[in-house]
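A.B. asks: A single structure is presented below for examination.
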Amino acid sequence: MISLIFRRFLTALPVLLVVITVTFFMVHSAPGGPFDADKAVSKEVLEQLNERYNLNEPVWKQYFIYLSNVIQGDFGPSFRYPSRSVTELILTGLPITFELALYSIIFAIFIGVSAGLISGLKPNTSYDYVPMTLAMAGICIPSIILGPSLSLIFGITLQWVPVSGWGDIPGDKILPVITLGTAYAAYCARLTRGGMLEILNQDFIRTARAKGLSETRVVLVHALRGGLTPVVAFLGPAMAGLLAGSFVVETVFGIPGLGRFYVEAAFNRDYTMILGTTIFFSSLIIFFNLIADLVASALNPKLR
């Protein structure tokens, strides 16, 4: 395991370097600058601003300055909020974004595994066709359409739950969690079904049944452990995708999370905020992929 972690760490370094490089030159090649949207300022003030943030230097020199700061763990100050650092803004929005992602992955696992388990135990029946049809619909409908539709039906028309905000009221979290977790629940359902169909046809399952074990024990103790291996492998990228995919959901439902800062940074040409958030999310993707690999190794003796 230590060797696996060390190899993944070495692989992550060039990946992060590529992410930083591509993102840096993309944001700097976009038309306009971080201070173009502000009120008109004198030429002298604009020159001082550019000098303060090293924007008067050639792009290649700005890149190496930024890279040296990142190596030291400094993402720099936000252009939009000069009194606050990018790290401070990330730490401000991260708890809400992480809470949204956590509730969404719990929703996805519970709904997806339950539906996939029923489908895998009753293949080619109505217990299989209905959940898998709903799963395909969940995959096909993007969150940018699902979110406003749920808000219109359950928030505005029926007035069952709030349509915006993220407070202490549990109702605030229902629509965002369903919107963000539906697609991942659908993937979990299809992966669970495929894994269960494969495991249930294995020789050790037939042996367990021949020994007289109850069907419940065969499914929950012997089959489900191997059948969930594809789901566990999927959870690493899924958790990272939930964090990154919360941008749209946070914007639709007015949630003050990290995704909202990122969207504002894109509109305001806040270079340091865009770069810092991108690096942070890339690191999270690598971390969750590693965790998923370790859990999959613990479940599967062949991988160990």
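The values are calculated or read from the model by the stated rules, or taken from the named source; none is laboratory data. Fair warning: this is a prediction, and the values are worked out from it, not measured in the lab. We place every Cβ from the backbone using ideal geometry, glycine too, and count neighbours over all the protein chains shown.
A.B. asks: Kindly indicate whether any position in the stretch 118-129 is outside any helix (DSSP H, G or I), closer than 30 Å to Leu200 by Cβ, out of contact with any strand residue (DSSP E or B) (no Cβ under 6 Å at 6 or more places or on another chain) and of a type in the set (D, E, K, R).
C.D. replies: yes
A.B. asks: Please state which of the following conditions Ala183 fails to meet, knowing it meets all the rest: (1) loosely packed, with under 15 Cβ neighbours inside 10 Å; (2) small (Gly, Ala, Ser); (3) modelled with pLDDT of 85 or more.
C.D. replies: Going through (1) loosely packed, with under 15 Cβ neighbours inside 10 Å; (2) small (Gly, Ala, Ser); (3) modelled with pLDDT of 85 or more one by one, Ala183 breaks only (1).
A.B. asks: With (1) surrounded by fewer than 21 Cβ atoms within 10 Å (Cβ to Cβ); (2) assigned to a helix (DSSP H, G or I) as the list, and Gln159 as the residue in question, which single condition is left unmet?
C.D. replies: The number of the failed condition is (2).
A.B. asks: Kindly establish whether Glu215 is within 23 Å of the chain's Cα centre (by Cα) and acidic (Asp, Glu).
C.D. replies: Criteria not met by Glu215.
A.B. asks: Just to check your reading of the model, which residue among Leu284, Leu235, Leu290, Leu303 is in contact with a helix residue (DSSP H, G or I) (Cβ under 6 Å, 6 or more places away or on another chain) and modelled with pLDDT under 75?
C.D. replies: From the options Leu284, Leu235, Leu290, Leu303, the qualifying one is Leu303.
A.B. asks: Sort through Leu175, Leu152 and tell me the only one that's in contact with a Gly (Cβ under 8 Å, 6 or more places away or on another chain), assigned to a helix (DSSP H, G or I) and of a type in the set (A, V, I, L, M, F, W, C).
C.D. replies: It is Leu175.
A.B. asks: Among the residues of the stretch 249-275, count how many are within 16 Å of the chain's Cα centre (by Cα) and either part of a helix (DSSP H, G or I) or without any contact (Cβ under 8 Å) to a residue 60 or more places away in the chain (or both).
C.D. replies: 9
A.B. asks: Given the condition within 30 Å of Leu67 (Cα to Cα) and under 22 Å from the mean Cα position of the chain (by Cα), answer yes or no: does some residue in the stretch 171-179 qualify?
C.D. replies: The answer is no; no qualifying residue exists.
A.B. asks: Another question, then. Answer yes if at least one residue in the stretch 270-284 is surrounded by 18 or more Cβ atoms within 10 Å (Cβ to Cβ), in contact with a strand residue (DSSP E or B) (Cβ under 8 Å, 6 or more places away or on another chain) and not aliphatic (A, V, I, L, M), and no otherwise.
C.D. replies: yes
A.B. asks: Show the residue pairs meeting these rules: Cβ distance below 9 Å; 6+ apart or different chains; first residue within the stretch 1-19 and more than 16 Å from Leu275 (Cα to Cα); second residue β-branched (Val, Ile, Thr).
C.D. replies: From residues that are more than 16 Å from Leu275 (Cα to Cα), the pairs are Arg8/Ile286; Phe9/Ile286; Thr11/Ile286; Ala12/Ile286.
A.B. asks: Also: Could you list, in sequence order, all residues of the stretch 112-135 that are in contact with a Lys or Arg (Cβ under 9 Å, 6 or more places away or on another chain) and either over 30 Å from Arg217 (Cα atoms) or of a type in the set (Val, Ile, Thr) (or both)?
C.D. replies: Residue satisfying the conditions is Ile118 alone.
A.B. asks: Which one of Gly155, Gly138 is farther than 22 Å from Ala189 by Cα and touching a residue at least 12 places away in the same chain (Cβ under 8 Å)?
C.D. replies: Among Gly155, Gly138, only Gly155 is farther than 22 Å from Ala189 by Cα and touching a residue at least 12 places away in the same chain (Cβ under 8 Å).
A.B. asks: Only residues that are hydroxyl-bearing (Ser, Thr, Tyr) and either assigned to a helix (DSSP H, G or I) or touching a Ser or Thr at 6+ places or on another chain (Cβ under 6 Å) (or both): list them for the stretch 82-115, please.
C.D. replies: Passing the criteria: Thr87, Thr92, Thr97, Tyr103, Ser104, Ser114.
A.B. asks: Hey, does the stretch 244-265 have a residue that's aromatic (Phe, Trp, Tyr), more than 21 Å from Val70 (Cβ to Cβ) and in contact with a Gly (Cβ under 6 Å, 6 or more places away or on another chain)?
C.D. replies: yes
A.B. asks: Only one residue in Leu228, Leu243, Leu200, Leu224 is aliphatic (A, V, I, L, M), crowded, with 16+ Cβ neighbours inside 10 Å and under 17 Å from the mean Cα position of the chain (by Cα), so which one is that?
C.D. replies: It is Leu243.
A.B. asks: Out of the residues in the stretch 65-81 meeting the condition of being surrounded by 11 or more Cβ atoms within 10 Å (Cβ to Cβ) and not in a loop (DSSP other than H, G, I, E, B), tell me which one is farthest from the chain's Cα centre (by Cα).
C.D. replies: Ile65
A.B. asks: Which is surrounded by fewer than 16 Cβ atoms within 10 Å (Cβ to Cβ) and either basic (Lys, Arg) or modelled with pLDDT of 85 or more (or both), of Leu146, Leu175, Leu102?
C.D. replies: Being surrounded by fewer than 16 Cβ atoms within 10 Å (Cβ to Cβ) and either basic (Lys, Arg) or modelled with pLDDT of 85 or more (or both) holds for just one of Leu146, Leu175, Leu102, which is Leu102.
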